[in-house]
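Participant: Just passing along the structure, written as structure tokens.
The values are calculated or read from the model by the stated rules, or taken from the named source; none is laboratory data. Keep in mind the model is a prediction, meaning the values are calculated, not measured. We place every Cβ from the backbone using ideal geometry, glycine too, and count neighbours over all the protein chains shown.
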Amino acid sequence: MRFFLDTADVDAIKKINELGLVDGVTTNPTIISREGRDFEEVIREISQIVAGPISAEVTALNPQDMIKEAEKMSKWSDNVVIKLPMTESGLQATRFLHQEGIKTNVTLVFSVSQGLMAAKSGATFVSPFVGRLDDIGVDGMELVSKLRQVFDRYGFETQIIAASIRNREHVEKAALNGAHIATIPPQLFENLWSHPLTDQGIIRFAEDWKKFEKNRG
Ligand code: G3P
């Protein structure tokens, strides 16, 4: 199971990357706009920090312009992955880029059929949006599980990135349901190793040790 960070916040990426647990980074136009920085500059900087795949998303809506953007972005760094929307144009661009040997991440996936179309088009990654499905009362994690079943059954090499991850339970269920990767917002990351019972346990061990040492004289 791999962890990507779903952010373009370079300071947060540097800090969490020090733990050695970051296998890649995903961004989208919303995430990039939050930083208020030049797109190319941010992606280049991130790709120097993290060696794994760094997703950068196209904003064009037709396949020709998507491909032009993709070819430009893929020159920014060897580990840049082109993120494309799950549309007819996105699929056409995905197929073309796959033939060119450029890695892709098809995003905004909300159904098994969409994931299947992306995989058949040669997508390296697909990103089912778990939290946004939960928002409309559909179990987002069930989609992850079904995609994994279908990909395994037919031998697709496309990897599933559980995206739109909002809480610890999402990360745990992504692992249980066979997501190859979970892309996690940095603010959620530290919740993954903390637990109130761990904190209480540490305090208790320290108190008991103090008593023991005192009694020994
Ligand atoms: O990875 C997709 C993510 O950035 C979208 O998350 O919380 O806006 O649905 P959210």
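Participant: Restricting attention to region 71-91, which residues are basic (Lys, Arg) and buried (at least 21 other Cβ atoms within 10 Å of the Cβ)?
Facilitator: Of the residues in region 71-91, the ones basic (Lys, Arg) are 72, 75, 83.
Scanning region 71-91 gives a single hit, LYS83.
Participant: May I ask you to list the residues in region 47-57 that are away from the ligand (no atom under 15 Å from the Cβ) and either among the β-branched types (Val, Ile, Thr) or in contact with a helix residue (DSSP H, G or I) (Cβ under 6 Å, 6 or more places away or on another chain) (or both)? It would help to see each step written out before you state the result.
Facilitator: Just the residues of region 47-57 that are away from the ligand (no atom under 15 Å from the Cβ), to begin with: 47-52.
Those that are away from the ligand (no atom under 15 Å from the Cβ) and either among the β-branched types (Val, Ile, Thr) or in contact with a helix residue (DSSP H, G or I) (Cβ under 6 Å, 6 or more places away or on another chain) (or both): ILE49, VAL50.
Participant: In addition: Every residue in region 43-54 that is under 16 Å from SER74 (Cβ atoms) and buried (at least 18 other Cβ atoms within 10 Å of the Cβ), please.
Facilitator: The answer is ILE43, ILE46, SER47, PRO53, ILE54.
Participant: Among all residue pairs at least 6 apart or on different chains, which show Cβ distances below 8 Å where the first residue, located in region 132-145, is within 16 Å of ARG168 (Cα to Cα) and the second is part of a loop (DSSP other than H, G, I, E, B) and near the ligand (Cβ under 10 Å from one of its atoms)?
Facilitator: Qualifying pairs under 8 Å: ARG132/SER164; ASP134/ARG166; GLY140/SER164.
Participant: Suppose we filter ILE165, ILE161, ILE202, ILE184 for residues that are modelled with pLDDT of 95 or more and over 17 Å from VAL130 (Cβ atoms); which single one remains?
Facilitator: On the way: ILE165 fails: over 17 Å from VAL130 (Cβ atoms); ILE161 fails: over 17 Å from VAL130 (Cβ atoms); ILE184 fails: over 17 Å from VAL130 (Cβ atoms).
Just a single option satisfies the conditions, and that option is ILE202.
Participant: Is it the case that some residue within region 154-171 is exposed (fewer than 12 other Cβ atoms within 10 Å of the Cβ) and of a type outside the set (Asp, Glu)? Show your work before the answer.
Facilitator: The initial filter retains those residues of region 154-171 that are exposed (fewer than 12 other Cβ atoms within 10 Å of the Cβ), namely 154-155, 157, 169.
From what is left, the residues that are of a type outside the set (Asp, Glu) are 154-155.
There is at least one residue in region 154-171 that is exposed (fewer than 12 other Cβ atoms within 10 Å of the Cβ) and of a type outside the set (Asp, Glu).
Participant: Now, a different point. State all residues of region 24-41 that are away from the ligand (no atom under 13 Å from the Cβ) and either buried (at least 19 other Cβ atoms within 10 Å of the Cβ) or on the phi > 0 side of the Ramachandran plot (or both); if no residue qualifies, say none.
Facilitator: From region 24-41, those away from the ligand (no atom under 13 Å from the Cβ) are 35-41; that's our starting set.
Selection gives GLY36 alone.
Participant: If you don't mind, there's one more thing I want to ask. As an exercise: evaluate ARG44 against (1) within 10 Å of ALA8 (Cα to Cα); (2) out of contact with any helix residue (DSSP H, G or I) (no Cβ under 9 Å at 6 or more places or on another chain); (3) among the charged types (D, E, K, R) and give the number of the one condition it does not meet.
Facilitator: Condition (1) is where ARG44 drops out.
Participant: Evaluate the following for VAL126: is it within 14 Å of the ligand (Cβ to nearest atom), farther than 25 Å from ILE16 by Cα and surrounded by 21 or more Cβ atoms within 10 Å (Cβ to Cβ)? Please lay out each step first, then the result.
Facilitator: On the way: within 14 Å of the ligand (Cβ to nearest atom): yes; farther than 25 Å from ILE16 by Cα: no; surrounded by 21 or more Cβ atoms within 10 Å (Cβ to Cβ): yes.
Considered against the rule, which asks whether it is within 14 Å of the ligand (Cβ to nearest atom), farther than 25 Å from ILE16 by Cα and surrounded by 21 or more Cβ atoms within 10 Å (Cβ to Cβ), VAL126 comes out as no.
Participant: Looking at region 144-159, which of the residues that are assigned to a helix (DSSP H, G or I) and within 16 Å of the ligand (Cβ to nearest atom) is nearest to SER113 (Cα to Cα)? Spell out how you get there, then give the answer.
Facilitator: So the first thing to find is which residues in region 144-159 are assigned to a helix (DSSP H, G or I), and the list is 144-154.
If we keep only those that are within 16 Å of the ligand (Cβ to nearest atom) too, we end up with 144, 147.
On the way: VAL144: 12, LEU147: 9 Å.
Once the filter is applied, the top-ranked residue is LEU147.
Participant: Suppose we filter region 160-177 for residues that are part of a loop (DSSP other than H, G, I, E, B) and within 11 Å of the ligand (Cβ to nearest atom); how many remain?
Facilitator: Step one: filter region 160-177 for residues part of a loop (DSSP other than H, G, I, E, B), giving 164-167, 177.
Filter again for within 11 Å of the ligand (Cβ to nearest atom), leaving 164-167.
Here the count works out to 4.
Participant: Let me ask something else about it. Return yes when HIS98 is within 15 Å of the ligand (Cβ to nearest atom) and part of a helix (DSSP H, G or I) and no when it is not. Please lay out each step first, then the result.
Facilitator: Details: within 15 Å of the ligand (Cβ to nearest atom): no; part of a helix (DSSP H, G or I): yes.
No, not satisfied.
Participant: Which condition breaks for VAL106 when tested against (1) touching a helix residue (DSSP H, G or I) at 6+ places or on another chain (Cβ under 6 Å); (2) crowded, with 23+ Cβ neighbours inside 10 Å; (3) among the hydrophobic types (A, V, I, L, M, F, W, C); (4) not in a strand (DSSP E or B)?
Facilitator: Unmet condition: (4).
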